[in-house]
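A.B. asks: Got a structure for you, questions after.
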Amino acid sequence: MNNVKNRFVVSIMLVVTFVLLALGLTIGAWSNEQYLNFIEERMKNETALATWTVTENGFPEQEEAQRIAAKAGELFEGRLTIIDDKGSVLGDSWAEPEAMENHLDRPEIKRALADNNVELRYSETIGEDLLYYALPLYEDEVLLGYIRVGLSVESLNQINQTVWFVIAASFFIAFFILFILVSRITKQIIKPIDHATDAAIRLAEGDYKTRTFEDQHKELGRLGRSINILAYNLEQLSRRHKVQQEQMAALIDHMGSALLFINVRGDVELVNRTTEQLFFVEAQKITGKPYYEVIPSDNLSKFVQSVYMTETKQRGQIEWTEHFVTKVYDVYGAPVVTDSGRLRGVTIVLHDITEQKKLEQIRKDFVANVSHELKTPVTSIKGFAETLIDGALQEPELANQFTEIIWKESDRLQTLIMDLLELSKIENAQFLLHLEEVSLKGISDEVVTLLSSKAEEKKMTIHVTETGQTTIEGDAQRLKQIILNLVTNAIAYTPADGTVHIKLIEKEHDVELQVKDTGIGISVPERLRIFERFYRVDRARSRNSGGTGLGLAIVKHLAEAHHGKLEVESEEGKGSIFKILFPKKQA
């Protein structure tokens, strides 16, 4: 902006200089002309006066002429020359007449008879430039001679120099004053424009917080106010846009589904955090690369290719195994098309439905298991009942045997139904615990008493040991159900002459319950499934023992209801240890 200011000042000062020069030259020339006219008028008057003086007593002789010339020349400070009609000099105030040449051929003498104008020429007698004016002398129309007045041009030159000096000094003073005024006025005009330009540049660079100077002048102030209003509006728009971008980025990043945007060239442009976790890679390592190079699943790459080829929305399910884990994804692909119908890219959304698939399979298995578990006792009851109806009632021994089988199967059916109802009740969102101070040692002793007959049948021993104070806050009936199911399981899967050991260990904020047996043990793959409904490690043995396959599922849910942590340690052929860490106080 300084360049603009300088150009503006220089332009104005050039115009001012031209005007001042023209004005100075005009005034100087006019002053010289006026002064010259004044000198000519003076010379004419003085010459006329000298003519009157010379002719007042008749045309003088040489001596008288010399005296008059000297006296008159002294009075008007000029050169007075008296010349006769033949051109001979009779008297001269600045020179000796005898030494002077004939003046009849002098230009001023010729002008005296012609146009009566002033003549400027170099005087060889005096040796300098003189301004001459001559008048003829007549008496009764008879030419007697000439009177010539001469003035030195040196005084005229001095006057001219003084005039030009004054004009030059005035020019420089006026130039300096005008330069200061123009600079200040230009600064006042350019300053708000300069501020406005700087503000506009910063706005163009994205600095919407900038503000400019608002001048008091109406027009310039309006410019500053307009830019400030523009900056404020841009700042608000930028802030809203930034907030929307942050919200959109946060929404995309925290989506539970993986999101990819692939441009029309097939390069990955955008992925969210879920996609990074899904592909086990950082976003910057896959963005800008073709999708078929970074997508780990061939099926997904084919799906993307299909969306590109058809340019239609598509949906499907894709499975792939990563790190020995098989995942199932619901995939949705849609082309991104502009208003003009031009393809800009493809959006792919992957939703992990592995858990839903597992739950669906669990539901299927549950229905199948329930049907299977119910089918066996119902079939037995129905078969023996039909046998009794067909005539077995007439044979008391068979009738008693069949009736006892029907009773056992009915009891087994009732136990299964009760366990299902119990599990359903525990899984209900309205399920509540009746909390109180409970001694795990006392509950364990009760369980041992209840199961002592079963243990004696298999010649097994059950031990209970307590380390520290094992009182916790919990539901006594549910805690009893947990220990009962665990010990029952231990007895069922432990061979004869085995041992079941219940350990109660106090810790700083918790109490640990351990149920250890010397049974058949559990393999590593089976440990992941033992808490599923109807899952049995040894199906034949558990069914013969009257188990329903729901005991451990109930234990798991009741332990979680008490905020307990459940762990299993087991080795095939050497037994198992079920551990539950109960907090002493419930939140």
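Each value in this text was obtained by applying a stated rule to the coordinates, not by laboratory testing. None of the values given here were measured: they were computed from a predicted structure. Cβ placement follows ideal geometry from the backbone for every residue including glycine, while neighbour counts extend to all protein chains displayed.
A.B. asks: Hey, rough spin-label estimate for Ala70 and Thr197, points 7 angstrom out along Cα→Cβ, what's it come to in nanometres?
C.D. replies: Output for this residue pair reads 7.9 nm.
A.B. asks: One-quarter of the Cα convex hull surface for region 149-289, in nm²?
C.D. replies: Value for region 149-289: 18.9 nm².
A.B. asks: Could you give each residue of region 249-258 its phi-based ³J(HN,Hα) in whole Hz, using Karplus coefficients 6.51, -1.76, 1.60 with θ = phi - 60°, and x for Gly or Pro?
C.D. replies: 4, 5, 4, 5, 5, 9, 5, x, 9, 6
A.B. asks: Can you tell me, using C-alpha contacts under 8 Å and at least 6 residues apart, the relative contact order of region 427-504 as a whole percent? Numbers along the way, then the final one.
C.D. replies: Working: 95 pairs, mean separation 35.0, N = 78.
Taking the mean separation of contacting Cα pairs over the length of region 427-504, I get 45 percent.
A.B. asks: Another one. Leaving out same-chain residues fewer than 8 places away, which lysines sit with a Cα under 19 Å from that of Lys289?
C.D. replies: Those lysines meeting the cut-off are Lys302.
A.B. asks: Rounded to the nearest 0.05, what FRET efficiency is calculated for Arg222 and Gln244 with R0 set to 41 Å and r the Cβ-Cβ distance?
C.D. replies: Working from the Cβ atoms, E equals 0.80.
A.B. asks: Here's something else I'd like to know. Please report the equivalent ellipsoid semi-axes of region 266-316, computed as sqrt(5 x eigenvalue) of the Cα gyration tensor, largest first, in whole Å. If you can, show how the numbers build up before the last one.
C.D. replies: Values: eigenvalues 79, 27, 20 Å².
Each semi-axis is the square root of five times an eigenvalue, giving 20, 12, 10 Å.
A.B. asks: A follow-up question, please. For Glu40 and Ile318, calculate 0.36 nm times their separation in residues minus their Cα-Cα distance, and state this gained length in nm to one decimal.
C.D. replies: So the chain would gain 88.1 nm between Glu40 and Ile318.
A.B. asks: Another one. What are the residues whose amide H is under 5 Å from the amide H of Leu144, where those residues sit 5 or more places off or on another chain and H is modelled from the backbone?
C.D. replies: Counting only residues 5 or more places away or on other chains, the set is Leu137, Tyr138, Glu139.
A.B. asks: Checking the table Lys191/Lys242; Lys364/Lys516; Lys507/Lys565 against a 22 Å threshold on Cα-Cα, which pairs fail? Could you put the intermediate results ahead of the total?
C.D. replies: On the way: Lys191/Lys242 33 Å; Lys364/Lys516 33 Å; Lys507/Lys565 14 Å.
Pairs exceeding the cut-off: Lys191/Lys242; Lys364/Lys516.
A.B. asks: Once amide H atoms are built 1.01 Å from N in the peptide plane, which residues 5 or more positions from Val336, or in another chain, come under 5 Å H to H?
C.D. replies: Arg344, Gly345, Val346, Thr347
A.B. asks: What nm distance separates the two modelled labels at Glu404 and Ile185, each placed 7 Å from Cα along Cα→Cβ?
C.D. replies: Modelled inter-label distance: 13.1 nm.
A.B. asks: Can you work out ³J(HN,Hα) from phi for every residue in region 274-284, in order, using Karplus 6.51 cos²θ - 1.76 cosθ + 1.60 and θ = phi - 60°, giving whole Hz and x for Gly and Pro?
C.D. replies: Each residue of region 274-284 in turn: 5, 5, 4, 5, 5, 8, 6, 8, 7, 4, 5 Hz.
A.B. asks: Continuing with this model, one more query. Pull out the extension gain between Glu61 and Gln158, defined as 0.36 nm times the separation in residues minus the alpha carbon to alpha carbon distance; nm, one decimal. Don't skip to the answer; put the middle values down first.
C.D. replies: On the way: separation 97, 0.36 × 97 = 34.92 nm, distance 3.72 nm.
Between Glu61 and Gln158, full extension yields an extra 31.2 nm.
A.B. asks: Shifting gears a bit: Apply the Karplus curve 6.51 cos²θ - 1.76 cosθ + 1.60, θ = phi - 60°, to the phi angles in region 285-294 and return the couplings in whole Hz, x for Gly and Pro.
C.D. replies: Values per residue, Gly and Pro as x: 7, 10, 5, x, 10, x, 4, 6, 8, 10 Hz.
A.B. asks: 5 Å is the cut-off here: which amide hydrogens, built 1.01 Å from N in the peptide plane, fall below it relative to Val511, excluding neighbours closer than 5 in sequence?
C.D. replies: Under 5 Å from the amide H of Val511 lie the amide H atoms of Phe582, Lys584, each far enough along the sequence or on another chain.
A.B. asks: Rounded to the nearest 20 debye, what is the charge dipole size of region 244-330 about its Cα centre when +1 sits on each Lys and Arg Cβ and -1 on each Asp and Glu Cβ?
C.D. replies: The calculated dipole for region 244-330 is roughly 160 debye.
A.B. asks: Along the Cα→Cβ direction, 7 angstrom out, place labels at Gln305 and Leu234. What is the inter-label distance in nm?
C.D. replies: Each label point lies 7 Å from its Cα, and together they span 4.8 nm.
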